[in-house]
Each structure stands twice: as structure tokens, then as C-alpha cells.
Amino acid sequence: VSAAGQLLGDAGTEAPRTEAAQLGMWIFLAGEMLFFGALVVAYFVARGHSPQGFVAASARTALWLGTLNTAVLLTSSFAVALAAQAATADRPRESARWLWIAVALGLGFLVVKGIEYRHEWQAHLYPGAGFELSAIGGAELFFAWYFVVTGLHAVHLGIGIVLCAGCALAMRWAGRKEARLPARVHAVALYWHFVDIVWIVLFPLIYLVAPRQ
Amino acid sequence: MNAMAPGPRDAEARLRRRCAFAWLALLGLLGFTVGMASLHLGAANLAISMAVAAAKAALVAWVFMALSEASALLRVTAAIGLAALALLGGLSAVDFGPRRDEPLPWQSPQQRAPLLAEPPPVASAMPAVPPSARSK
């Protein structure tokens, strides 16, 4: 079998299959990089035009909830990395356990994000009529960007939670009988880590625009 | 057989340790960047927080996404994604960055006021095209 054949998993062994799954996921993630990258570029352009508005708006975000969520997501990535290693080592039950921990942490992230949204709703920090900081140019733009980008991130995280839960269930039921599962876990792990990286980039853009008191 | 050669369990233990160190380093960097947020350093605040974010993203990519163990094919694919992002992002920034703020048609004067100190020249400054010229 040629090198290309092995790459596509024709050799029937685990390593080429995992490599092929990871290659497919990396190509998908390259597109996702451009998707979120466009939003980050838009942020810097808007911030360059309205620096005062971005400073005033960022000061109204909940730094400690954001910090807590970052720690939660970093820990979930650690759990998913261990799940992928356990899958490679042919320990499906352990892999499923780590995946469930990641699912729980992902759900925790969404709950904290929901609490944050609630605070912002009550403080009239959503764009539109009655916006709290309407007198400061650019503040409304900041919060419009904030809700779009954190909403898109939450959707991606929700997809990751479903994928991780699906892998964990499959690991539990099929376990060693299903030879494709380790490759699937590795691909899902790459997706999860990417969602983590997106949040790592968003965190300073949202919460650390201005020095905090 | 070499009795000293590391087995698969040693290799796995090494990978687990590496992941644990990366996780601790990530939490440490998070604490550092939040701590720095209370210091008034001007433009350096942004530079430091983005540098820390880049370090954290690199740690996740290198250790958790296992790029350190990946084949050249996977590394090049990841690098191409990043390079395309840098190229298109840079080109977009030099296009949109220097543009001046223009009001949108749906924005009310109250919405425009904080953004624009004085209204921009209206569209009537454009030379009117006679209907006869348009039909040609």
C-alpha cells in the first residue's frame, strides 16, 4: 500500500486511521480559524476606532466569572487530552470517564456564561433601546460583538459537549470491539482543544481591555 | 532486546506528566494575566495580555493537541491554517483599519452622536448624473 493509502487508513492499523482522522479535523479547524479570526480582526478595527467605548464597556464585564470559566475550560481540555491518551492505550472505560468529566465542565462553563448573560441583561448592557452606556461611542459596538462572539463560541462548545458525550457512550457500549473509536476520540479532542483556544484568545479581548480596580 | 528501552507505559506516563505540567502552566498563566490586569501599564496591558494568550494557545496546541508528537503532515496543515489567518487578517486590518467612521443609514442621530463629533459630508456632494448620461 502506498504512503497515501496508509494515510487514508487502508493499512488497517490504528495509527494511520488516527492520523487520517486528525488530518481531516485539522483541515476543518483551519476553516474555523478563519471564521473566528474574522471576528477578532473586526474587534481590533472597531477598538482602534472607539478605544474609549471599548474600555468603558469592558470594565462592565464580570472578570471573575470570565476567569472562572477560563479555568474550567482549561481543565476540561486537560481531561480530554487524558481521554485521548487512554483511548490510544486501549482503555475505553477510562477514556469514557475523562470524556464525561469534560462534558460536565463544558456544561459548567455554559451555566456560568448564562449567569453572566443574566447580569448583563439586568444591567441593560445588551445593544438596542435603553442600552446603559449609550452615551459612550463604541460601547454598544463592543457589547454587540461580545454577544455574537460568545454566542458562537457557546454553540461550538455545545457541539463539542454532544460529540464528547457521544464518544463516551460509544466507548462504554462498544469499547474495544469498535476499532474506529480511538481515532474518533482523537478527532473530537482536537475540536475541543480548538474551542478552548478560541476562548483563550477571547478572554483578554473581553475582560482585560482596561486595568481593573 | 534492550531492557533499558522505554516501554509504551513509560511513554504514556511521560505524556501524562507533560499534560499535567501544561495544565498547571496554563492555570499559572491565567493567574498572571488576571493579576497584571490590576496594573496600569497603558498600551503594555494589551501587549502583555495578548502575549500570555498566545503562550497559552501555543501550550494547548503543542501539548494537548499533541503537535509535539504529530507528523510533519499534521504540523504543516495546522501551520497553513494559522498562516492563512495571519495573511487574511493582516490584509483586512490594513484595509479597514485606516477607514474613517461613517454613519449607517439605519442609525439615528442619537446613535451617531457619540461616534461622530460632527456629521460627515452628505451624499449630495456627489456630482449628479443626468438621466440621459445614465441611459448610455
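Can you confirm whether A:A96 is of a type outside the set (K, R), closer than 30 Å to B:P98 by Cβ, crowded, with 23+ Cβ neighbours inside 10 Å and away from chain B (no Cβ under 11 Å)? Let's see the steps before the verdict.
Numbers: of a type outside the set (K, R): yes; closer than 30 Å to B:P98 by Cβ: no; crowded, with 23+ Cβ neighbours inside 10 Å: yes; away from chain B (no Cβ under 11 Å): yes.
So A:A96 does not fit the description; no.
What's the number of the only condition in (1) within 14 Å of another protein chain (Cβ to nearest Cβ); (2) under 17 Å from A:D90 (Cα atoms) that A:G160 fails to meet?
All conditions are met except number (2).
Can you go through B:A123, B:A93, B:A83, B:A117 and tell me which one is surrounded by 14 or more Cβ atoms within 10 Å (Cβ to Cβ) and either over 22 Å from A:I27 (Cβ atoms) or modelled with pLDDT of 70 or more (or both)?
Numbers: B:A123 fails: surrounded by 14 or more Cβ atoms within 10 Å (Cβ to Cβ); B:A83 fails: surrounded by 14 or more Cβ atoms within 10 Å (Cβ to Cβ); B:A117 fails: surrounded by 14 or more Cβ atoms within 10 Å (Cβ to Cβ).
Every option except B:A93 fails the conditions.
Which one is farthest from A:H156 (Cα to Cα), of the residues in region A:16-35 that are more than 7 Å from chain B (Cβ to nearest Cβ) and surrounded by fewer than 20 Cβ atoms within 10 Å (Cβ to Cβ)?
First, pick out the residues of region A:16-35 that are more than 7 Å from chain B (Cβ to nearest Cβ): A:16-18, A:20-21, A:24-25, A:28, A:31-32, A:35.
With the extra rule that they be surrounded by fewer than 20 Cβ atoms within 10 Å (Cβ to Cβ), the set shrinks to A:16, A:20, A:24, A:28, A:31-32, A:35.
Values: A:P16: 27, A:A20: 22, A:G24: 18, A:F28: 13, A:G31: 14, A:E32: 10, A:F35: 12 Å.
It comes out as A:P16.
Among the listed residues A:E14, A:E32, identify the single one that is of a type outside the set (A, V, I, L, M) and at pLDDT below 95. Explain how you work it out, then say what you get.
Working: A:E32 fails: at pLDDT below 95.
Residue meeting the stated conditions: A:E14.
So, in region A:94-125, how many residues would count as being of a type outside the set (S, T, N, Q) and in contact with a helix residue (DSSP H, G or I) (Cβ under 7 Å, 6 or more places away or on another chain)?
Within region A:94-125, the first condition is being of a type outside the set (S, T, N, Q), and the residues that meet it are A:94, A:96-121, A:123-125.
Filter again for in contact with a helix residue (DSSP H, G or I) (Cβ under 7 Å, 6 or more places away or on another chain), leaving A:94, A:96, A:98-103, A:105-110, A:112-113, A:115-116, A:125.
Qualifying residue count, region A:94-125: 19.
Give me the residue from region B:68-81 that is among the hydrophobic types (A, V, I, L, M, F, W, C) and more than 7 Å from chain A (Cβ to nearest Cβ) and, out of that set, nearest to A:L190 (Cα to Cα). Write out each step before concluding.
Start the filter on region B:68-81 by keeping residues that are among the hydrophobic types (A, V, I, L, M, F, W, C), which leaves B:70, B:72-74, B:76, B:78-80.
Of the ones still in play, those that are also more than 7 Å from chain A (Cβ to nearest Cβ) are B:70, B:72, B:76, B:79.
Values: B:A70: 12, B:A72: 16, B:V76: 15, B:A79: 15 Å.
This residue is B:A70.
Tell me the residue from A:R172, A:R212 that is out of contact with any Lys or Arg (no Cβ under 6 Å at 6 or more places or on another chain), of a type in the set (K, R) and more than 28 Å from A:A59 (Cα to Cα), please.
Values: A:R212 fails: more than 28 Å from A:A59 (Cα to Cα).
None of the others qualify; the one that does is A:R172.
Checking the conditions here, which among A:A71, A:A135, A:A87 is touching a Pro at 6+ places or on another chain (Cβ under 8 Å), without any contact (Cβ under 8 Å) to a residue 24 or more places away in the chain and within 13 Å of chain B (Cβ to nearest Cβ)? Before you say what the answer is, go through the steps one by one.
Details: A:A71 fails: touching a Pro at 6+ places or on another chain (Cβ under 8 Å); A:A87 fails: without any contact (Cβ under 8 Å) to a residue 24 or more places away in the chain.
Among A:A71, A:A135, A:A87, only A:A135 is touching a Pro at 6+ places or on another chain (Cβ under 8 Å), without any contact (Cβ under 8 Å) to a residue 24 or more places away in the chain and within 13 Å of chain B (Cβ to nearest Cβ).
Those residues that are at the interface with chain B (Cβ under 9 Å from one of its Cβ atoms) and touching a residue at least 12 places away in the same chain (Cβ under 8 Å), I need them from region A:48-65; list them, please.
Going through region A:48-65, the residues at the interface with chain B (Cβ under 9 Å from one of its Cβ atoms) turn out to be A:48-50, A:53, A:63-64.
Result: A:H49, A:S50, A:G53, A:L63.
Output the number of the condition that A:E140 fails; it satisfies all remaining conditions of (1) exposed (fewer than 14 other Cβ atoms within 10 Å of the Cβ); (2) more than 21 Å from the chain's Cα centre (by Cα); (3) farther than 19 Å from A:V188 by Cα.
The failed condition is (1).
Give the residues of region A:17-27 that are touching a residue at least 24 places away in the same chain (Cβ under 8 Å) and among the hydrophobic types (A, V, I, L, M, F, W, C), sorted by residue number.
Correct list: A:A20, A:A21, A:M25, A:W26.
Go over the candidates A:I101, A:I115 one by one and state the one that is more than 17 Å from the chain's Cα centre (by Cα) and β-branched (V, I, T). Walk me through it before giving the result.
Values: A:I101 fails: more than 17 Å from the chain's Cα centre (by Cα).
Only one candidate passes the filter, namely A:I115.
B:G90 versus (1) more than 8 Å from chain A (Cβ to nearest Cβ); (2) not in a helix (DSSP H, G or I): which is the lone unmet condition?
The single condition B:G90 does not satisfy is (2).
Of A:A183, A:A189, A:A168, which residue is crowded, with 22+ Cβ neighbours inside 10 Å, touching a residue at least 40 places away in the same chain (Cβ under 8 Å), of a type in the set (G, A, S) and in contact with a Ser or Thr (Cβ under 6 Å, 6 or more places away or on another chain)? Before the answer, list the steps.
Details: A:A189 fails: in contact with a Ser or Thr (Cβ under 6 Å, 6 or more places away or on another chain); A:A168 fails: in contact with a Ser or Thr (Cβ under 6 Å, 6 or more places away or on another chain).
Unique residue meeting the criteria: A:A183.
The values are calculated or read from the model by the stated rules, or taken from the named source; none is laboratory data. Just so it is clear, the model here is predicted, and its values are computed rather than measured. Don't worry about glycine lacking a Cβ; one is built from the backbone with ideal geometry, like all the others, and counts go over all protein chains shown.
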